[in-house]
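Q: The structure follows.
The values are calculated or read from the model by the stated rules, or taken from the named source; none is laboratory data. Since we're looking at a predicted model, the values are computed, not measured. Please note: Cβ atoms are built from the backbone with ideal geometry, for glycine as well, and neighbour counts cover all protein chains shown. Heads up: the accessible areas ignore ligands, DNA and RNA and are worked out on the full protein's heavy atoms, side chains in. Shrake-Rupley method; radii C 1.70, N 1.55, O 1.52, S 1.80 Å.
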Amino acid sequence: MAFMSPVSRPVSLPHPLLPAADWADRFTLGLPVENLTAREAARLALEHPPAWVRRLMMLRNALVRPFGLKRAAERVATSETEIGGFPVVSAGDDRVVLGFDDRHLDFRIVIDVRRDRPRGQTLSVMTLVHRNNLVGRLYLAAVMPFHKLIVRTMLAGIGRRLSLPQKT
């Protein structure tokens with residue numbers, strides 16, 4: 001099956017998962033699988049980031065330390081309460097919501113899996129952000145180009161892995 005690239009989709013605000021959100025984006029990807037759960041998709045996306053993403057997160061941690069902002073997880077952990085270093089807000093088979101509130105901004109990562117294709121599923125990753133102050137606005141402006149690249153790269157990685165012929 002041919003691999004498809006992630007596609008940007010609009011998000012309507014306000015959104016019930018973060019009603020105060022003032023910024024959002026969403027990317028979707030068609031997948032050639034039938035039974036992927038949202039939790040499995042979240043793990044595929046977040047547990048094994050590329051080395052360049054890990055280095056960017058280390059740089060981010062160093063840069064935000066003087067401002068007292070929460071640091072990204074050094075260790076990419078997964079448990080019932082955390083996936084890829086992000087706290088689980090809620091989880092079901094079709095949707096996982098990750099995120100937390102901080103002084104500068106509140107955010108949610110929403111991973112949805114829909115069985116809406118003749119042969120496969122659609123994976124959607126939506127980011128919702130409420131910028132609490134000027135620091136939040138500046139922070140989001142600084143990380144935006146990286147955020148979009150990271151989300152697209154992680155979705156594309158899932159698509160490539162799931163499109164590969166399975167060894168039997």
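Q: Find the accessible area per residue for region 1-71; the probe is 1.4 Å, ligands and nucleic acids are left out, and the unit is Å².
A: 60 Å²
Q: On to the next question. Just the number, please: carbon plus sulfur as a percent of the accessible area of region 54-162, 1.4 Å probe, no ligands or DNA/RNA counted.
A: Roughly 59 percent, rounded to a whole number.
Q: Nearest 20 debye, what's the magnitude of the dipole of the chain about its Cα centre given +1 on Lys and Arg Cβ and -1 on Asp and Glu Cβ?
A: Using Cβ point charges on Lys, Arg, Asp and Glu, the chain gives about 540 debye.
Q: Three principal axis extents, largest first, for the C-alpha atoms of region 27-73, in Å?
A: Cα extents, longest axis first: 46, 19, 18 Å.
Q: Next up: Along the Cα→Cβ direction, 7 angstrom out, place labels at residue 161 and residue 79. What is the inter-label distance in nm?
A: The answer from the label model is 2.2 nm.
Q: Additional query: Between residue 53 and residue 102, what is the label-point separation in nm under the 7 Å Cα-to-beta-carbon projection?
A: 1.7 nm
Q: Please give the net charge around residue 127, taking every other residue with its beta carbon less than 10 angstrom from that of residue 127, where Lys and Arg add +1 and Asp and Glu add -1.
A: Net local charge, residue 127 excluded: +2.
Q: Rolling a 1.4 angstrom probe over the protein heavy atoms, how many square angstrom per residue are accessible across region 106-168?
A: Here the residues of region 106-168 average 55 Å² of exposed surface.
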